[in-house]
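Written below as structure tokens is the structure these notes are about.
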Amino acid sequence: MTQTTAPDMTEVLADAPTNWGKWGDDDEVGALNYLTAEEVLRGVRHVKKGEVFALQRLIGDPKGDPVWPGRSPAERTQILDESSWDGADAPAFPGGLHYADDKINAFLQGSTQYDALGHVWYGGKIWNGYDARTTVGGLKKASVEPIAQRGVVGRGILLDMARFRGKPTLDKGETFTHEDLIACAEAQGVQIEKRDVLVIRTNFLQLFFDQGPAFYEGFNEPGLTYSPELVRWFQEMEIPNLVTDTIANEVTTDPESGVALPLHCALMRNLGVTLTEIADLEKLAASCAEDGQYTFLYAAAPLKVHEASGSPVNPLAIK
Ligand code: UVW
């Protein structure tokens, strides 16, 4: 993934708009501010049957956990179980209580997760113009904590790009734009509305399970690709949260400039759009294809982890 000839991100995003200051100098949740009580109620109006879809991937999946290169899957360790009472030095509790205990050693962004707005930056500034030095030793600004404190609830819309393109999964490096999202929605008989939580299915991670280690060769996920028009569309549509079933929400390497993850910078750092990655959308997508209802109440609460740059989450889509 090392790219030595690519231009600087500052140059690539020279025409990209920002929302810095829009919600005040102290803001740490950005476009989630759009998710007002009214938006929660708009989402609730899309609950028709009471069907609940839990969108988190299994942590510790026996088939493997897909992670960003350089991260490792969570390791769960059993600390106490019935065998702990086999020896003489077993813990003793009045009444003879036995119990199981375990712990995990995990990247906070090593499974289905929310990125904090301070997770990526360029030019020495993170979201809202805070100094990038505020990330040293822990995010003092725009960590995942304020996102976790408020929760994320609104109308969600599934955009099934794999189905729209007539493929079981999108291909390595395959791109799409906001215009493709609009066309996908139209084909599904629904419209993307202002302030929708966009939930995009590529089913690309199926290849992780099919291909094993070869999945990481020439790693280049499919996804949205940067253009100033796309970023302006996100801004005008007041999109609060982009959720995808890929590891990093956008095409890994921008085909035009060669930079890595420019939308992380343009959407997250500049507009304050929260990113949610590695969602499992398969059951939800099957249901939407069957009943034709692609909108739902979306509700997610990442864990409240002090100064963290992200957190695991189990988002819910309720139809
Ligand atoms: C990076 O941006 C490196 O990771 P993530 O996929 O967690 O956003």
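The values are calculated or read from the model by the stated rules, or taken from the named source; none is laboratory data. The structure displayed is predicted, hence computed values, not measured ones. Note that we place each Cβ from the backbone using ideal geometry, even for glycine, and neighbour counts take in every protein chain shown. Heads up: the accessible areas ignore ligands, DNA and RNA and are worked out on the full protein's heavy atoms, side chains in. Shrake-Rupley method; radii C 1.70, N 1.55, O 1.52, S 1.80 Å.
List pairs: first residue in the range 25-47 and farther than 26 Å from VAL120 by Cα, second residue assigned to a loop (DSSP other than H, G, I, E, B) and of a type outside the set (Val, Ile, Thr) anywhere in the structure, Cβ distance under 6 angstrom, at least six positions apart or on different chains.
That search, which allows pairs on different chains as well, returns GLU39/ARG195.
Scan the range 249-257 and tell me whether some residue there is within 18 Å of TRP68 (Cα to Cα), surrounded by fewer than 24 Cβ atoms within 10 Å (Cβ to Cβ), assigned by TED's automatic domain parsing to the domain that holds GLY124 and of a type in the set (D, E, K, R).
Yes, the conditions are met somewhere in the range 249-257.
With the requirement that a residue be more than 23 Å from LEU207 (Cβ to Cβ) and under 10 Å from the mean Cα position of the chain (by Cα), what does the range 234-261 give you?
ASN241 - this is the single residue of the range 234-261 that is more than 23 Å from LEU207 (Cβ to Cβ) and under 10 Å from the mean Cα position of the chain (by Cα).
Taking the range 55-77, which residues are of a type in the set (Val, Ile, Thr) and within 13 Å of the ligand (Cβ to nearest atom)?
VAL67
Could you look through the range 108-167, keep only residues that are within 23 Å of PRO312 (Cβ to Cβ) and among the basic types (Lys, Arg), and pick out the one that is nearest to the chain's Cα centre (by Cα)?
Among them, the one singled out is ARG150.
Take the conditions open to solvent by 10 Å² or more (accessible area, probe 1.4 Å), within 16 Å of the ligand (Cβ to nearest atom) and in contact with a helix residue (DSSP H, G or I) (Cβ under 6 Å, 6 or more places away or on another chain) and apply them to TYR226. Does it pass?
Yes, satisfied.
How many residues does the range 51-92 hold that are assigned to a loop (DSSP other than H, G, I, E, B), surrounded by 11 or more Cβ atoms within 10 Å (Cβ to Cβ) and among the aliphatic types (A, V, I, L, M)?
Residues in the range 51-92 being assigned to a loop (DSSP other than H, G, I, E, B), surrounded by 11 or more Cβ atoms within 10 Å (Cβ to Cβ) and among the aliphatic types (A, V, I, L, M): 6 in total.
List pairs: first residue in the range 164-188 and surrounded by fewer than 20 Cβ atoms within 10 Å (Cβ to Cβ), second residue of a type in the set (Val, Ile, Thr) anywhere in the structure, Cβ distance under 6 angstrom, at least six positions apart or on different chains.
Filtered contacts from the range 164-188: THR175/THR225; THR175/VAL251.
Somewhere in the range 100-108, is a residue farther than 28 Å from LEU281 by Cβ and surrounded by 13 or more Cβ atoms within 10 Å (Cβ to Cβ)?
The answer is no; no qualifying residue exists.
Could we say that LYS22 is under 25 Å from THR134 (Cβ atoms), open to solvent by 90 Å² or more (accessible area, probe 1.4 Å) and more than 16 Å from the ligand (Cβ to nearest atom) here?
So LYS22 fits the description; yes.
Inspect all residues belonging to the range 288-306 and state whether any of them is within 11 Å of the ligand (Cβ to nearest atom) and farther than 22 Å from THR135 by Cβ.
Among the residues of the range 288-306, not one is within 11 Å of the ligand (Cβ to nearest atom) and farther than 22 Å from THR135 by Cβ, which makes the answer no.
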